[in-house]
Each structure stands twice: as structure tokens, then as C-alpha cells.
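Take a look at the structure below.
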């Protein structure tokens, strides 16, 4: 590769604009500007994107290394994101009808259009993910294109800079007298007081501080890339689990995705609401206008682990791990899992009882209680009476064919087909019993099942979550934050004080906050004969980029 | 105790209001207001009055905290007043760095508007629903408010920049857009005046109406109904019949309030123009005569640079941590989350344009204005119009 040797002897990589060592403009005929101040962005170092543009790879690289492209990607993503908030996303709509119908039903033609454009699932659409991916690529290439040459240039910089470099800094001034030893020492001392690192060479000074703030943008980009990488890991099998576990009070179930290792028992579910009498009286006005306000959703649970190996189909032997309360904001954690309180259902039917009754005399012959989640086949009563449960429909409706069927296994609307045996009717009588209706399909019966009460139980809905990507995402976030703070709250400042013949030249540069730099130079030079340098861009409208 | 707390907020409001003429006076008094200059008596009075107001509002905040048992940042009224307080706090800090009373002349009215706007929402101390019962409520919400307030200071500085730099001798795109921004601020004032006036007169009009699912419902208007609800039927005697009604899918009551606010805004704006006989921007311009353009540009930029990390921390990182704990996932594309992301992306673009593309001065100032509009959109529209999981923050 053809390298460029500067007059000062330093060998620069091809494409360098300002010599890495002395800052002299490297004349290759293209990069000379007539501006009074040189462009200090990236220290005039050789960026790949500014140097090569031949192969396909060069062109892709150059495209993504452009900040302009990066900003456009951000702006397009920003606008695209906002579109997804016009109507609720699919995941937030109630599951009551087909999605397309729901949008049309609720929002008319606009809803239909929204759905047809795929905006109901915008954030997982291929083009949105492509945008995010493009931002990711842009982050990597933009950073690499700049950080490597910038690092080289800052590392190779010499104390003594070329005249043209100093003259064309934004802050520059000369003092036409030799500087006294005392002043020289005083300046050095005052610079040290301001926490500058000082390098000296033949009585010339380079005072520098906050160089690490120049790495802030690259550090935060690395954080973002780690974050995006972590988000992608979710799609790797085993990294991410999102299940719902519904548990009735008293019920013990295996926790999904734990390979049958863990079981959970719902001991009790509580829903508490604020009470004007017992809670903080300051809330009473708010409670008057809002009505009922939930105070606590809580499942008291017992976590079990299976003991030893269980053979499929056999009841596992359970060992209690802990008994705990799961509340909103207080998930139960075990191994890599967390159980969250997310849903509930109060007063689900759990048991129903009936009295076997003679329709004419009203005499009863004992009652049966049916566990709606685990009904028995036969219910034996005294004196030769018994009831057979021929069919059971937990969530009864009439199907399309007119026959009874069940919508789900949840006992929302239980219905039964009983066969009642009695000494008079040893062959049994069939009766179809649902809530508020009885059908006797085979003619008039002598006996009936008279409704005798219900028992209800609360059901808790827990999210079972395992997310092994969290630490990577957290790490990405942390690195991003460090990078942003590093870049935002510190400035990279350099002050050059050089002897040129009988004159003292002062030049200074900062990547931002020029007011702060000027104030600092003023302080550093007080008590010396050195004149305060001028801001060469002052009163001109600043239209120069800052250097990061 | 509750009365004491509320009175402290009134006191703060009055002191903020009083500080404005002093900041105005400070500008008239001193010819040269570069940052190295001593700002003079007027400015000192102004800042002392602001600090007293700020202390009073802190008093309001902490007394309310002790009454409620949780930091008062849990509904729209509380969050927005807190945001106003942070704005004043951020201004006070920046005042001591740059010594610019002019910034007070622009920031304090914005803070006042924010607090007045907040007071239009129910001010009851509300109990926390289970999702909000977490220390992260305090950490997340206060950091967001602080970050947004610092970003709002950049809006204040940008406004000064624009008022000063835009040529008012002839009509241009810039003068028009600046008037649009001024109108936006005035319309907020219009909203406050209209709502306060009718609330003072205890205006209540009840309607029967039919919602989008064909259910009958009742709604109570506190402003005369220009826009009535779907198939609305006025139940209260002697109140105004709506001029038009809208389909059930639109929230007529909110739309009515918006129309009133914009209408009042137009009236007020027209009145101002009539009295001033020039654009609002032109009327404000003399106040900016002595300000150093580079300095306000720098204040605006540094506010973004300081506010951006704070906002990221509060609005995204703390938000994600809490969302993981309360909602089982750190990110769920809830509208409020998306708009926080949009705000963040916008300021990221702002910084890139400034740092790498050299967007300084006027362009940068316009960006700061747009950023503030996005923040306000997320605060107001997302709570009241879009409403997702964060809707409990509304009224």
C-alpha cells in the first residue's frame, strides 16, 4: 500500500489529510481547503471510506460509514415506530374475534387498511427488523471507519506541530516576545491545576485532557451492538421462555418448560382493593371518583421439586422447595425461572351439588357433589339409589350439528347428562341438566337432579419466564450508558504552547464546549506575558462540524 | 396537611410568575449581558424569587409524599407538576453556570404553563395500583422528568436563538413557523383559561350517548359541548346543545376540549397581534438584543448533551428494568415505550447532525424545538389519546 511520508519524517497511511505526527496538511491536491480553520474532524486521519471506492465492498462500506445514511436510518425508524402507535398492536387487542375483523369493526376502513398494511404487527414486520439490522450494520461500520484512524492519530501526535496546523486552529494567537522561565513554569503549574497532562519537547508544551471522552461514541456504539445482539439471541431455542400457567386454588401443576422438575401449588389467591375506612384517608376523594381500585394481586404458592426420577405416567414424589407469595412487582424466582402474577379469575365454578329428588313427592334421596374439574363416573347413594354421569360438558354450547358440545375445558357453563337409578327405575332415567335448563330426552322422568348449590375457587394466571439473554442486554445497556456519559460529560481539550523564533504561539482545540475551553485558557495564562489567543471563528457564523 | 401542601404549590406558582418581570427588567437594565458580566440587581431578585418558588414547590412535593406514602409522580397532575419543578431546577443550575437572566424570561413562562396545564387534571391523591407499587416508580419517573426537563431547557434556549436570529422585517417560512410555536404555547394558555373559567362557574352538562359497541353510556362535560357524543342526548337543563356530533369511535369530550383550547388560543393570539401590531416573534425580539448568539446556541446544545444521558437512563434503562420486574418483559411496544424510543432516536439524530454534519445555530435550534414537541406529545397525547399500559398516568 502506498504510504505518505510527511516532511517531518512520519509515515502516514494512504488517505491521510493531516499528518498524524505534526499535523501538516498532506498535499495530494484534493484535500486542501481555503478555510481559515482546518477541519479537525477525526484529526484529518485516513478513513477507509474517504480513501477507497472501487470494489463492491468499498461501496457498501462507504454507504454504511456515512453519518448521513445513519441519520436517515434513525429518522426512518423513528417515523416507522410512530406509525405503530396509531392503533393498538395485535398483542394488545382482546381475543374476541379474528384480528382482521376486529380492526375493521373497531376502526372502520382505516382499521382495515392498517391491518392490510401489516401495521397491526409493525414491530415484528420484516421491514422494521431490516431497518433495525441496517442501523446495527451502520453502527459497526461507522465506528470502525473512524475509531481506528482516530486512535492512530491521537497516539502518534507529537508535541511540536507544524506551523500551518497551529495557525489554522480555531483558537490561535501569538505573543511577540520570548517567554520568561517564570511564565513558562507558571503556565505549566496552572495547567496541572486544571488537570491537564503535559508533554514537553524543547520548551514546547502540549497540554491535553479528557482524551478518553473521544472514545465515548465508540464505546456507546459497542454497547448498542451488544444490546442488539442480545435481542437477537431470544430467537435461539432455549434462551427464552414465555408461558402462561393457570392454577386453581388447591391445585398443583407442573411448571411448563421445567422438564417436569418443578411443580407449583396455588394455596390461595387474593385480590385486595383499597378501602376508605382502613387505608390512608388521603385517598378517599380519589376512591370516591374512581370507585374500586386494586391494591394487591397475590398468589400464595408452594414450589415443589420432584424427587429422583419419575417414570412417565406415575405420580411424581414432590419435595417442598419454598412457600412464597407472588405479587405484581415481586415475582418468584428459582433457578433461571421467574413466575409473575399477571392474571386471575375470581370465583370460577369448582363444585356443583345436586339432590336426587322425586318430582311428584318432592322427597329427596341424598345429594351428590361433582368436582367440575375432575368429575367421577358413578355417585352411589344409600338405599339402592345411584347416579351415573354419562356425559359432562364443562363449557357447554350447542354445536353446529345441534348436539351439545363444549367450548373449552374450563367450567364456565357446565352441563351434565345424568342417568338416575332408583329401585323403581333400575334401568335408569336420562336427564340433561345445564344451568337454568333441564331436558328429558327420553320422555317424562320420575326423578330429577335438583340443583343444590355451588362452590367456587379463584384461579391465578402466572407468566412463566426464562430469559437467558437478560445479562447480555443489561451489559449492552451498561456499556452504552458508560459510553454516552464518557462522551457527553467530558471534553477532549488540547492546548499547544510553542516557541517560534521570538514569538510564543498558542493554539487550542476541543471537541465541544468552546466557551469552557476559552475560559480555561484565560485562567491558565493569567499572570504571564502570553496573550490570550483569539477565536478565529468568532462573529463568523459557525458552520463547521465539531470533531467527533 | 393536604391544604398546606396545595398552598405551597400556589405559592410556588405565584413566585415563578413574579420572577418573570424581574428577568425582563434585568435585560432592559443591562446593556451588555455576556456571561462574564455581573447580571445586576434585577436578575439577582429574579433568581432569588425563582429559588424561593422552587423551595416552595419542593415543600409541596415532600409534604404530598408524606401524606400519600409514595412520591407524588403517579398521575398526570403529579408527574407534570414535577416536570415543571425539574424545569425550574434545571434553569436555576444553568443560570449559575452561564448567568443569563434572559433564559429565565423564556424558561419560567414555559414552566408556569406546564404547571398550570397539570392543574387542569384531577389533583386527588390517588392510591397506587399494584403495578406501581415499587421503588422503581420513584427512580424511573423522577429520572425521566429530570431528563425531559433538561431537554426542555434546550428548547427555551433554542427559542431565544430563533427569536433573535430570525429576520422579522419580512415574512418568511421561519417567521411563520416561529409564530406556530408561539401559537402552540398560547393555545396551552387558552386551554388553562377555558378549563379554569368553566370549572369556576361549575359548568356541568350530562349526556346520554351510545358508544362504539352500541352500549348506552353517560358522560359529563365540563365545557359547553361544541362537539357532542354519538347520538348524544342532553340531560342537564339549560346547557348548550352540541353543534355537531361525532361517531362513537371518537372521544367527543376530549375532542371538544381540544377544539375549545385551539379556539381560545386563536382568540388570544389574535388579541396579542392586535395589541402588539406585529408578530409575537417580532415583539419578543427586542428582549434578545444583547444576548450572545453563540452562548444560547451552546446552552441549547449542552442541555441536550446533559439531558440525553439522563433521559436514556430514566426513560429507557430504568424503564426496562422496571418493566421486566412488573410486566415480565423489558420491552413490549406499548405506545409510551415506543414514544420514549422515538424521543431517544430523535435526540440521537440531533447529536449526530450536530457533531458530524455541523448543524449548528438555527438548524440546531429548530431541532431542539421539534424535540420538545415530541416530549410534549409523549406527555400529553400518548396519555390522553393513545393510552396503553401507561394510561393510569392519565386522568
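The values are calculated or read from the model by the stated rules, or taken from the named source; none is laboratory data. All values reported here derive from a predicted model rather than from experimental measurement. All Cβ positions, glycine included, derive from the backbone under ideal geometry; neighbour counts span all protein chains shown.
For residue A:121, state whether it is assigned by TED's automatic domain parsing to the domain that holds residue A:64, in a helix (DSSP H, G or I) and surrounded by fewer than 19 Cβ atoms within 10 Å (Cβ to Cβ). Break it down into steps so the answer makes sense when it comes.
Numbers: assigned by TED's automatic domain parsing to the domain that holds residue A:64: yes; in a helix (DSSP H, G or I): yes; surrounded by fewer than 19 Cβ atoms within 10 Å (Cβ to Cβ): yes.
Here the answer is yes, as residue A:121 does meet what is asked.
Could you list, in sequence order, the residues of the stretch B:359-373 that are in a helix (DSSP H, G or I) and crowded, with 19+ Cβ neighbours inside 10 Å?
If we filter the stretch B:359-373 for residues that are in a helix (DSSP H, G or I), which is where we start, we get B:361-373.
Across the stretch B:359-373, the qualifying residues are B:361, B:364, B:365, B:367, B:368, B:369, B:371, B:372.
Given (1) at negative phi; (2) at pLDDT 90 or above; (3) within 14 Å of chain B (Cβ to nearest Cβ), where does residue A:279 come up short, assuming only one miss?
(2)
Only one of these is in contact with a strand residue (DSSP E or B) (Cβ under 6 Å, 6 or more places away or on another chain) and either surrounded by fewer than 21 Cβ atoms within 10 Å (Cβ to Cβ) or free of Cβ contacts under 8 Å to residues at least 40 places away in the same chain (or both): B:130, B:109. Name it.
Working: B:109 fails: in contact with a strand residue (DSSP E or B) (Cβ under 6 Å, 6 or more places away or on another chain).
Just a single option satisfies the conditions, and that option is B:130.
In the stretch A:431-440, how many residues are farther than 11 Å from residue A:391 by Cα and either part of a strand (DSSP E or B) or modelled with pLDDT of 85 or more (or both)? Talk me through it step by step, then tell me what you get.
Filtering the stretch A:431-440 for residues farther than 11 Å from residue A:391 by Cα gives A:434-440.
From what is left, the residues that are either part of a strand (DSSP E or B) or modelled with pLDDT of 85 or more (or both) are A:434, A:437-439.
Within the stretch A:431-440, residues that are farther than 11 Å from residue A:391 by Cα and either part of a strand (DSSP E or B) or modelled with pLDDT of 85 or more (or both) number 4.
Six or more apart or on different chains, Cβ under 6 Å: which pairs go from a residue in the stretch B:301-329 that's more than 9 Å from chain A (Cβ to nearest Cβ) to one that's not in a helix (DSSP H, G or I)? Could you list them?
Within 6 Å, the pairs are B:323/B:330.
Taking the conditions exactly as written (away from chain B (no Cβ under 14 Å) and touching a helix residue (DSSP H, G or I) at 6+ places or on another chain (Cβ under 7 Å)), does residue A:255 satisfy them or not? Walk me through it before giving the result.
Values: away from chain B (no Cβ under 14 Å): yes; touching a helix residue (DSSP H, G or I) at 6+ places or on another chain (Cβ under 7 Å): no.
The answer is no for residue A:255.
Identify all residues within the stretch A:289-317 that are modelled with pLDDT under 85 and closer than 26 Å to residue B:3 by Cβ; write none if there are none.
If the condition is that a residue be modelled with pLDDT under 85 and closer than 26 Å to residue B:3 by Cβ, then A:289, A:290, A:291 are the ones that fit.
Whether any residue in the stretch A:263-275 is assigned to a loop (DSSP other than H, G, I, E, B) and more than 12 Å from every other protein chain (Cβ to nearest Cβ) is what I want to check.
no
Residues to consider are A:346, A:356; find the one that is within 19 Å of residue A:270 (Cβ to Cβ), away from chain B (no Cβ under 14 Å) and in contact (Cβ under 8 Å) with a residue 24 or more places away in the chain. Write out each step before concluding.
Working: A:356 fails: within 19 Å of residue A:270 (Cβ to Cβ).
Exactly one residue qualifies, and that residue is A:346.
Specify which of the listed residues (A:295, A:270, A:265, A:307) is closer than 22 Å to residue A:336 by Cα and surrounded by 14 or more Cβ atoms within 10 Å (Cβ to Cβ).
Numbers: A:295 fails: closer than 22 Å to residue A:336 by Cα; A:270 fails: closer than 22 Å to residue A:336 by Cα; A:307 fails: surrounded by 14 or more Cβ atoms within 10 Å (Cβ to Cβ).
Sole residue among the options that is closer than 22 Å to residue A:336 by Cα and surrounded by 14 or more Cβ atoms within 10 Å (Cβ to Cβ): A:265.
Just to be sure I understand the filter: pairs with C-beta atoms under 9 Å, separated by 6 or more residues or on different chains, first member in the stretch A:75-92 and more than 9 Å from every other protein chain (Cβ to nearest Cβ) and touching a residue at least 12 places away in the same chain (Cβ under 8 Å), second member exposed (fewer than 14 other Cβ atoms within 10 Å of the Cβ) and part of a loop (DSSP other than H, G, I, E, B). Which pairs pass?
Taking only residues 6 or more apart or on different chains, the pairs are A:83/A:117.
Given the criterion at pLDDT below 90, crowded, with 21+ Cβ neighbours inside 10 Å and assigned to a helix (DSSP H, G or I), identify the matching residue among B:391, B:356.
Of B:391, B:356, the one residue that is at pLDDT below 90, crowded, with 21+ Cβ neighbours inside 10 Å and assigned to a helix (DSSP H, G or I) is B:356.
Which count do you get for residues in the stretch A:93-126 that are more than 10 Å from chain B (Cβ to nearest Cβ), closer than 28 Å to residue B:348 by Cβ and without any contact (Cβ under 8 Å) to a residue 24 or more places away in the chain?
Result for the stretch A:93-126: 4.
Quick one: would you say residue A:206 is out of contact with any helix residue (DSSP H, G or I) (no Cβ under 9 Å at 6 or more places or on another chain), under 30 Å from residue A:320 (Cα atoms) and not in a helix (DSSP H, G or I)? Lay out the reasoning, then the answer.
Values: out of contact with any helix residue (DSSP H, G or I) (no Cβ under 9 Å at 6 or more places or on another chain): yes; under 30 Å from residue A:320 (Cα atoms): no; not in a helix (DSSP H, G or I): yes.
So residue A:206 does not fit the description; no.
Looking only at residues that are over 20 Å from residue A:160 (Cα atoms) and surrounded by 15 or more Cβ atoms within 10 Å (Cβ to Cβ) in the stretch A:14-40, which one is modelled with the lowest pLDDT?
The first filter runs over the stretch A:14-40 and keeps only residues over 20 Å from residue A:160 (Cα atoms), leaving A:14-15, A:28-36.
Subsequent filtering for residues that are surrounded by 15 or more Cβ atoms within 10 Å (Cβ to Cβ) retains A:15, A:31.
Values: A:15: 82, A:31: 48.
Only one residue fits best here, namely A:31.
Among the strands (runs of 3 or more DSSP E) contained in the stretch A:441-548, which hold 1 or more residues that are within 14 Å of another protein chain (Cβ to nearest Cβ), farther than 30 Å from residue A:336 by Cβ and at pLDDT 90 or above? Don't jump to the end; show me each part of the working.
Numbers: elements: A:447-467, A:493-500, A:503-510.
Passing ranges, in order: A:503-510.
Looking at A:376, A:388, A:315, A:380 in this structure, which one is assigned by TED's automatic domain parsing to the domain that holds residue A:433, farther than 30 Å from residue B:126 by Cα and without any contact (Cβ under 8 Å) to a residue 12 or more places away in the chain? Outline the logic, then answer.
Values: A:376 fails: without any contact (Cβ under 8 Å) to a residue 12 or more places away in the chain; A:388 fails: without any contact (Cβ under 8 Å) to a residue 12 or more places away in the chain; A:315 fails: assigned by TED's automatic domain parsing to the domain that holds residue A:433.
Just one listed residue meets the conditions, A:380.
Among the residues of the stretch B:133-172, write down those that are under 20 Å from residue B:182 (Cβ atoms) and either in a loop (DSSP other than H, G, I, E, B) or in contact with a strand residue (DSSP E or B) (Cβ under 6 Å, 6 or more places away or on another chain) (or both).
Once the filter is applied, which keeps residues that are under 20 Å from residue B:182 (Cβ atoms) and either in a loop (DSSP other than H, G, I, E, B) or in contact with a strand residue (DSSP E or B) (Cβ under 6 Å, 6 or more places away or on another chain) (or both), the stretch B:133-172 yields B:166, B:167, B:168, B:169, B:170, B:171, B:172.
Among the residues of the stretch A:308-329, is there at least one that is within 12 Å of another protein chain (Cβ to nearest Cβ), in a strand (DSSP E or B) and within 28 Å of residue A:373 (Cβ to Cβ)?
Looking through the stretch A:308-329, at least one residue is within 12 Å of another protein chain (Cβ to nearest Cβ), in a strand (DSSP E or B) and within 28 Å of residue A:373 (Cβ to Cβ).
Could you go through the stretch B:334-346 and let me know if any residue there is more than 21 Å from the chain's Cα centre (by Cα) and modelled with pLDDT of 95 or more. Working first, answer last.
Just the residues of the stretch B:334-346 that are more than 21 Å from the chain's Cα centre (by Cα), to begin with: B:334.
Subsequent filtering for residues that are modelled with pLDDT of 95 or more retains none.
Among the residues of the stretch B:334-346, not one is more than 21 Å from the chain's Cα centre (by Cα) and modelled with pLDDT of 95 or more, which makes the answer no.
When you go through B:207, B:200 one by one, which is the residue that is in contact with a strand residue (DSSP E or B) (Cβ under 6 Å, 6 or more places away or on another chain) and either under 30 Å from residue A:105 (Cβ atoms) or modelled with pLDDT under 90 (or both)?
Details: B:200 fails: in contact with a strand residue (DSSP E or B) (Cβ under 6 Å, 6 or more places away or on another chain).
Answer to the check: B:207.
So for the stretch B:75-96 (the condition being more than 26 Å from residue B:306 (Cβ to Cβ), assigned to a loop (DSSP other than H, G, I, E, B) and at pLDDT below 90), does at least one residue qualify?
Yes.
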